[in-house]
Amino acid sequence: MPRVSICIPNRNYERFLGAAIESALNQTEADIEVIVIDDQSTDDSVKVARSFTDPRVRVIALEKNIGLIANYNRCVAEARSPYVKLLCSDDLLHPRCVEELADALDRFPKAVIAFSDREMLFNDGSRKEMKSPLPGMTEIHAPEVIERSGLAFNIIGEPTTVMIRKDALGAIEFDRRYLQAPDWEYFMQALKVGPIVRVPEILSVFRWHESNASWWLKRNGTSVHDFLLLTEEIESVIASKYPPVSAYVVRRLRFFCLARAVDLVARNLARRDWNAVRRCGELGVRALSKLVRPWSAARPAPTDF
């Protein structure tokens with residue numbers, strides 16, 4: 001059994017996939033497997049993946065499209081190692097990434113996730129360091145993450161930033177209702193299970209480009225949708241899947257959602273993107289309606305909207 005499974009979910013990222021696989025194979029940690037799960041790509045992604053003859057590479061071409069979020073879950077399920085390192089197919093790992101994160105999980109046996117700082121790589125080749133405000137190389141528990149983030153900011157990072165302990169988190173899944181923040185919702189579930197640990201080094205690269213999911217989801221208020229859905233789940237009868245969150249934090253997050261929705265309506269009016277205007281307006285109304293009603297910890301589980 002390899003020490004770490006590096007899992008690469010992919011769909012139509014032929015132009016980036018080869019570099020991602022190379023960065024996975026060029027790790028200082030040699031005891032790895034690399035699993036590429038292709039979600040019905042219509043380009044030559046599968047051909048690119050199968051061009052790697054390294055025996056550590058395993059390529060799974062799905063017969064049916066399942067979507068990115070479900071592919072995250074499939075990646076974790078296919079992993080044969082105790083540690084699972086996600087690597088989005090348009091991102092990159094620094095050579096010491098896997099070794100450093102696995103060593104952190106070894107050092108902190110109660111930690112369910114290890115993560116690092118990262119950098120953003122833009123179309124023009126420029127880079128921006130992204131450092132978490134959380135303390136390094138110590139157990140970090142849910143209250144500190146909630147306090148520092150207000151639940152409104154992912155201060156852990158994108159999926160490429162983390163490594164998970166599979167035996168602790170095997171029963172947790174990424175929720176397909178969350179389109180822009182499935183990782184943040186997943187982390188909230190993980191924090192109910194145990195602490196996390198931050199390696200205070202830049203060990204991964206997150207590409208920001210025009211075909212990146214976060215790029216096109218940002219405009220239409222998807223993050224507002226996801227945060228509102230999270231507040232409704234926290235307030236509902238299924239809140240037991242998350243760490244305790246106060247009514248104050250929930251209310252503050254809804255204020256954030258309302259302000260963000262109003263800002264997006266104005267921006268999309270300037271762009272004449274009427275569909276986005278309508279969507280963001282509906283989200284703003286929903287946020288406002290949640291703010292004016294009394295807090296209740298016994299509401300039924302929410303449906304998507």
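Worth a mention:
- Selection from segment 158-168 of residues that are of a type outside the set (Lys, Arg) and touching a residue at least 60 places away in the same chain (Cβ under 8 Å): Glu158, Pro159, Thr160, Val162, Met163, Ile164, Asp167
- Enumeration of residues in segment 171-226 that are touching a strand residue (DSSP E or B) at 6+ places or on another chain (Cβ under 7 Å), modelled with pLDDT under 95 and either in a loop (DSSP other than H, G, I, E, B) or charged (D, E, K, R) (or both): Arg207
- Candidate set: segment 16-58, residues that are of a type in the set (D, E, K, R) and in a loop (DSSP other than H, G, I, E, B); chosen: the one nearest to the chain's Cα centre (by Cα): Asp39
- If only residues of segment 120-157 that are in a helix (DSSP H, G or I) and touching a residue at least 12 places away in the same chain (Cβ under 8 Å) are counted, the one that is farthest from Ala190 (Cα to Cα) is Arg148.
- Given (1) more than 17 Å from the chain's Cα centre (by Cα); (2) in a loop (DSSP other than H, G, I, E, B); (3) under 21 Å from Arg3 (Cα atoms), index of the condition Cys88 fails: (1)
- Pair list, Cβ under 6 Å, 6 or more apart: segment 227-252 residue charged (D, E, K, R) and at pLDDT 90 or above, other residue surrounded by 15 or more Cβ atoms within 10 Å (Cβ to Cβ) and assigned to a helix (DSSP H, G or I): Lys241/Gln189
- So Pro195, is it assigned by TED's automatic domain parsing to the domain that holds Ser126, crowded, with 19+ Cβ neighbours inside 10 Å and in contact (Cβ under 8 Å) with a residue 12 or more places away in the chain: no
- Filter pass, Asp117 being crowded, with 20+ Cβ neighbours inside 10 Å and not in a loop (DSSP other than H, G, I, E, B): no
- The residue pairs whose first member lies in segment 63-81 and is at negative phi, whose second member is in a helix (DSSP H, G or I), and whose beta carbons are closer than 7 Å, counting only pairs six or more residues apart or on different chains, are Ile66/Arg74; Leu68/Ala213; Ile69/Pro182; Tyr72/Pro159; Val76/Lys166; Ala79/Lys166.
- Test: residue in segment 140-156 that is closer than 21 Å to Ser89 by Cβ and modelled with pLDDT of 95 or more: yes
- So Ile113, is it in contact with a helix residue (DSSP H, G or I) (Cβ under 7 Å, 6 or more places away or on another chain), touching a residue at least 24 places away in the same chain (Cβ under 8 Å) and farther than 22 Å from Gly194 by Cβ: no
- Against the criterion of being under 27 Å from Gln180 (Cα atoms), surrounded by fewer than 20 Cβ atoms within 10 Å (Cβ to Cβ) and in the same structural domain as Val162 (by TED's automatic domain parsing), Asn73 qualifies.
The values are calculated or read from the model by the stated rules, or taken from the named source; none is laboratory data. Computed from a predicted model, the values in this text were never measured in an experiment. Don't worry about glycine lacking a Cβ; one is built from the backbone with ideal geometry, like all the others, and counts go over all protein chains shown.
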